[in-house]
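The values are calculated or read from the model by the stated rules, or taken from the named source; none is laboratory data. Everything numeric here is computed off the predicted structure, so don't read it as measured data. Heads up, the Cβs are rebuilt from the backbone with ideal geometry, glycines too, and the neighbour counts pull from every protein chain shown. Quick note on the areas: whole protein, heavy atoms, side chains included, nothing else; ligands and nucleic acids left out. Shrake-Rupley method; radii C 1.70, N 1.55, O 1.52, S 1.80 Å.
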Amino acid sequence: MSERTRHHRIPREIFVPARGQYDNIGDILLRRQLLDWLRTSGPLHVYVGEAPDGYAEGLGLRPDDVRYRSFRRWYTAALRSAARGRASYVFKPGEIQLTLIGMKEHLAMLPVLALVRARHGRVARIGVGSRNFAPLPRALMGPSIALSNMSMWRDAATAGYLGQGGIMPDLAFAGVSSRATVSDADAGGTDSSGSARRDLLVVSMRSDLGYPSAAWLAGVRAVAAANGLKIWCVTQVLRDDNKCGQLATDLGGQALRWNGTAHDEQEQRLRALYQRAALAVSDRLHVLVGALTEGAVPAALLVDTKSDKIARHFAAAGLHDVSIASSGLRADEITARLQNLVGRRAAILAGLAEAQDELQTVRRLLDQVLTHESVR
């Protein structure tokens, strides 16, 4: 049997980093989804860094996944596996800051990528988006992108900026993955008949942006009252927790707060509320996406209108006009725009189903790239 045939038949070890912002459940949604996709292509070697136990539990790592807290051990294992012709590499999904610190994975891994490719291994980059678009970092990313067999960006601006790849919906649009405990029957992303039990309006806002105006608060309260919805303010990112409590007070609602531990349990609590939500109001991308996959209508009611991040990522999933720039709007105008989104629920859920079909196509392509030697 030739060496090439033997490598084709024995699954390669897949080295993948799963580090993220340990206070952010949204990062878990992306990384867990990718890990679930990869397991059908080969055994996983996962770098989690100094992740707290709750974060690692949220990733849904399995007993046969090889887990590394030491970067040096993981990196050395990747080099050894690549030298034996046994390794493939997959970049972590999510947002990259194109700074020297933000690009450390894409620069530090170049020796591993080169060795992987030299021994006929595969390199893939799935569901990655850029935060900034400066010329120098783009040039520094060039070698990493050139060594990739497959690059799929999660928004059109990133694809246009970095090139050499396609566009896909963000991985979180895929919805509940194997780790979550909600039942298939309760997962609202494709359940358009669940509106009768949707009695909540969920709110979650970033702590690093300004506090909502009086008109913003009044508009949210009014749309909740018009639809008979109870307001719940939730914490999906730990640093937003104080703001969550203040919003609950100012909106006359209840709060689901978080102390930063047991990430998987907090995710389950969040999903239980999202399954009851008719509307989710947030300026955090993965609050809106997570709520949408449980059947809630997403409303990016923005305080800071400088960023188009949410609009870009929803557009890549074929979903448009979910962002509302609240600056300068009266309370009744905000209420009317939110009510318009509520009325588009069926169309929005249909768009989600199409995005999920597209993600399954990406998943099949990734599996083909990782398991077939004949693919570039």
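The residues of region 214-232 that are open to solvent by less than 30 Å² (accessible area, probe 1.4 Å) and over 21 Å from Ser327 (Cα atoms), listed by number, are Leu229, Ile231.
Those residues that are in contact with a Phe, Trp or Tyr (Cβ under 7 Å, 6 or more places away or on another chain) and small (Gly, Ala, Ser), I need them from region 306-334; list them, please. Correct list: Ala317, Ser326. With respect to (1) surrounded by fewer than 23 Cβ atoms within 10 Å (Cβ to Cβ); (2) touching a helix residue (DSSP H, G or I) at 6+ places or on another chain (Cβ under 6 Å), the lone exception for Ala317 is condition (1). Looking only at residues of region 73-103 that are β-branched (Val, Ile, Thr) and under 20 Å from Arg312 (Cβ atoms), we find that the one that is modelled with the highest pLDDT is Ile96.
Within region 264-284, restricting attention to residues that are of a type in the set (A, V, I, L, M) and open to solvent by 10 Å² or more (accessible area, probe 1.4 Å), the residue that is farthest from Asn227 (Cα to Cα) is Ala272. Residues in region 326-376 that are touching a Ser or Thr at 6+ places or on another chain (Cβ under 6 Å) and farther than 13 Å from Gly219 by Cβ: 6 in all.
Per-residue answers, yes or no, for (1) in a helix (DSSP H, G or I); (2) open to solvent by 50 Å² or more (accessible area, probe 1.4 Å):
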| residue | (1), (2) |
| --- | --- |
| Leu292 | yes, no |
| Ala299 | no, no |
| Ile310 | yes, no |
| Asp321 | no, yes |
| Glu333 | yes, yes |
| Ala347 | yes, yes |
| Ala355 | yes, no |
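In region 1-30, the qualifying residues are those that are of a type in the set (A, V, I, L, M) and at pLDDT 65 or above, and the one that is farthest from Asp240 (Cα to Cα) is Ile10. Considering only residues in region 264-307 that are touching a residue at least 12 places away in the same chain (Cβ under 8 Å) and basic (Lys, Arg), the one that is farthest from Pro52 (Cα to Cα) turns out to be Arg276.
Just one of the listed residues (Ala180, Ala108) is of a type in the set (A, V, I, L, M), modelled with pLDDT under 90 and open to solvent by less than 40 Å² (accessible area, probe 1.4 Å), namely Ala180.
The selection criterion, being open to solvent by less than 40 Å² (accessible area, probe 1.4 Å), at pLDDT below 95 and either farther than 30 Å from Ser204 by Cα or aliphatic (A, V, I, L, M) (or both), does not hold for Leu44.
If only residues of region 259-290 that are part of a loop (DSSP other than H, G, I, E, B) and polar (S, T, N, Q) are counted, the one that is nearest to Tyr22 (Cα to Cα) is Thr261.
The set of residues from region 283-307 being at pLDDT below 95 and touching a strand residue (DSSP E or B) at 6+ places or on another chain (Cβ under 8 Å) comprises just one member, Thr305.
For Thr261, the criteria (1) of a type in the set (Val, Ile, Thr); (2) surrounded by 22 or more Cβ atoms within 10 Å (Cβ to Cβ); (3) touching a residue at least 60 places away in the same chain (Cβ under 8 Å) hold in every case but one, which is (2). Residue under question is Ser130, and the condition is that it be open to solvent by less than 10 Å² (accessible area, probe 1.4 Å), hydroxyl-bearing (Ser, Thr, Tyr), closer than 27 Å to Ser307 by Cβ and in contact (Cβ under 8 Å) with a residue 24 or more places away in the chain; does it hold? In short, yes. Candidates are the residues of region 15-65 that are of a type in the set (Lys, Arg) and under 14 Å from the mean Cα position of the chain (by Cα); the one that is farthest from Leu359 (Cα to Cα) is Arg19.
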